[in-house]
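Below is one structure. I have some questions about it.
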Amino acid sequence: MIDLEVAKNEFMNYVSNYDSSIMEIDKKIKHSLRVMEQSKNIAQSLNLNEEQINLATLIGLLHDIARFEQFSQYKTFSDYRSFDHGDRGAKILEKDNFIRKFIQTDEYDEIIKTAIRNHNKFSIEEGLDEETLLFAKIVKDADKIDIFYEASELMLWHTDEEIKQIEEGKVSEDYLETIKNHKCIYRDEQKRPKIDSIMLVASFVFDTNFKYTFKYILENNFINKILDKFNYKEETRKQVDLIEKIIHDFLSEKI
Ligand SMILES: [Fe+2]
C-alpha cells in the first residue's frame, strides 16, 4: 500500500532543508506538487488500478527531488552545467534507503527510479518492461504539461533583453523542419537564436503520449499562449502562425 499523505509530508520535510524564499526553490516545490497531481490525472484517465494510480502519483511527486540539491550547489537548473537531475534523483532515493521514507514496500523501487532517471531524457531508454515504460511515460507527460503551464501562465525566466532577442529573431530552418515533421527538437550545443528555445518547448507536444495530455494542452491553449506572448517581426510571425497551425492540427488529430 502506498500512503500518499506520508509521502507528501516526507517530501515537504525534505524540501524544508532548502530555502523556499528563493524563487527557484519555491518554483520547484510547486512544480513537483503539480506534476504529482497531473501524474494522478493521467493514471486515472488510463483506468489504472488504485495502487498503480498511487504509484504514478508518488513518482510525480519525487521526479524532481534532485532539483533542490542542484540549485543549492550550482545555482542553475541546467543539467549541462551541473549534473543530470534525473540520474541524481534516483541516486538520492537510493542513498541510505531514503526511498523507504516515501514508500514502505520495495517492490516498486526499480520502477520509481527508472521513471525518474528517464523523465528528463530526450528519449526513454530501450528495453524497459511494459509496466516500467508506462510509468516512465506518465511522469514524462505530467512534467511536460507543467512545463507548458509554467511557460504560458508564469513568465519567470525572460529578462527584457531576452524578450527583445526573441522578438527580433527568426526561427532556424532546421527547427521549423523538425516541427513540420512532428518531431521533438533536440537541444544541441550550437549557439541558437533565443527564439529557438521557445520553439523547442513548443515541440515537446511531439514527445507526449496520452490522450489526456493532448487534450489538456489543447483545451488550455498552452501553445498559442506561449507563442503569442511576443511581438514578432512580420516574417517571424508567419513562421509562428505556421507552427501554431501544425501543432493545433497535430493535437486535434490525437484526441
Ligand atoms: Fe525534471
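Given Val15, Val35, Ile25, which one lies farthest toward the positive end of the charge dipole of region 4-140, if we put +1 on the Cβ of every Lys and Arg and -1 on the Cβ of every Asp and Glu?
Value computed over the given set: Ile25.
Please state the relative contact order of the chain as a whole percent: Cα pairs under 8 Å, 6+ residues apart?
17 percent
OK, next. Helix 4-15 against the longest principal axis of the chain: what's the angle in degrees, Cα atoms only, rounded to the nearest 10?
Relative to the chain, helix 4-15 is tipped by roughly 70 degrees.
Another question, then. Name the long-range amide H neighbours of Asp3: under 5 Å, sequence gap of 5 or more, or other chain; modelled H, no Pro or chain starts.
Gln104
OK, next. Express in % the proportion of alpha carbon pairs of region 203-255 at distances exceeding 14 Å.
Roughly 51 percent, once rounded to a whole number.
Can you give me the orientation-averaged projected area of the convex hull built on the Cα atoms of region 71-137, in nm²?
For the Cα atoms of region 71-137, the hull's average projected area reads 5.2 nm².
How far apart, in nm, are the 7 Å Cα→Cβ label points at Glu94 and Val6?
2.4 nm
Continuing with the same structure: Across 5 Å bins from 0, what is the distribution of all Cα-Cα pair distances for region 158-255, in whole percents?
With a bin width of 5 Å, the distribution comes to 2, 13, 26, 24, 19, 11, 4, 0.
So what are the ³J(HN,Hα) numbers for region 239-255, from phi and the Karplus equation (6.51, -1.76, 1.60; θ = phi - 60°), rounded to whole Hz, Gly and Pro as x?
Residue by residue, region 239-255 yields 4, 5, 4, 5, 4, 4, 5, 4, 5, 4, 5, 4, 5, 4, 5, 7, 9 Hz.
If you don't mind, another one. Helix-only estimate, please: 222 nm mean residue ellipticity of the chain, summing -39500 (n - 2.57) across DSSP H runs of length 4 or more and dividing by its residues, to the nearest 500.
The helix-only estimate for the chain comes to -20000 deg cm²/dmol at 222 nm.
Under a point spin-label approximation (7 Å from Cα along Cα-to-Cβ), what is the Phe250-Met23 distance to one decimal in nm?
Computed distance between label sites Phe250 and Met23 equals 3.0 nm.
Return the subset of Lys113/Lys225; Lys27/Lys113; Lys164/Lys211; Lys40/Lys113; Lys30/Lys170 for which the Cα-Cα distance in this structure is over 29 Å, preserving the input order.
Long pairs (Cα-Cα over 29 Å): Lys113/Lys225; Lys164/Lys211; Lys30/Lys170.
Further, regarding this structure: Compute the angle between helix 85-94 and the longest alpha-carbon principal axis of the chain, please, reported from 0 to 90 degrees and rounded to the nearest 10.
Rounded to the nearest ten degrees, it is 0.
Another question about this same structure. Using Cα-Cα distances under 8 Å and only pairs 6 or more residues apart, what relative contact order does region 158-254 have, in percent?
With pairs under 8 Å counted, the relative contact order is 35 percent.
Could you tell me, in Å, what Rg and Dmax come out for the Cα atoms of region 4-140?
Answer for region 4-140, Rg first and Dmax second: 14.1, 42 Å.
Here is a follow-up. Could you estimate the translational diffusion coefficient of the chain from the Stokes-Einstein equation, with Rh from the Kirkwood formula over C-alpha pairs, at 10 °C and 1.306 mPa s, in whole µm²/s?
Translational D for this selection: 83 µm²/s.
Same structure again: First select every other residue whose beta carbon is under 14 angstrom from the beta carbon of Ile53; then total the charges, Lys and Arg +1, Asp and Glu -1.
Spelling it out: positives minus negatives among the neighbours equals -4.
Name the residues of region 182-226 whose amide N is less than 12 Å from a point 7 angstrom out from the Cα of Asp79 along the C-beta direction?
Only 187 fall inside the zone, counting backbone N under 12 Å.
Dipole of region 158-254 (Lys/Arg Cβ +1, Asp/Glu Cβ -1, origin at the Cα centre): which of Phe204, Tyr216, Tyr175 lies farthest to the positive side?
My answer, from the dipole projection, is Tyr216.
Every read-out reported here was derived from the displayed coordinates using simple, explicitly stated rules and does not represent laboratory data. If you're wondering where the values come from, they're calculated on a predicted model, not measured in any experiment. Because the Cβ atoms are built from the backbone with ideal geometry, glycine has one as well, and the counts that use them run over all protein chains shown.
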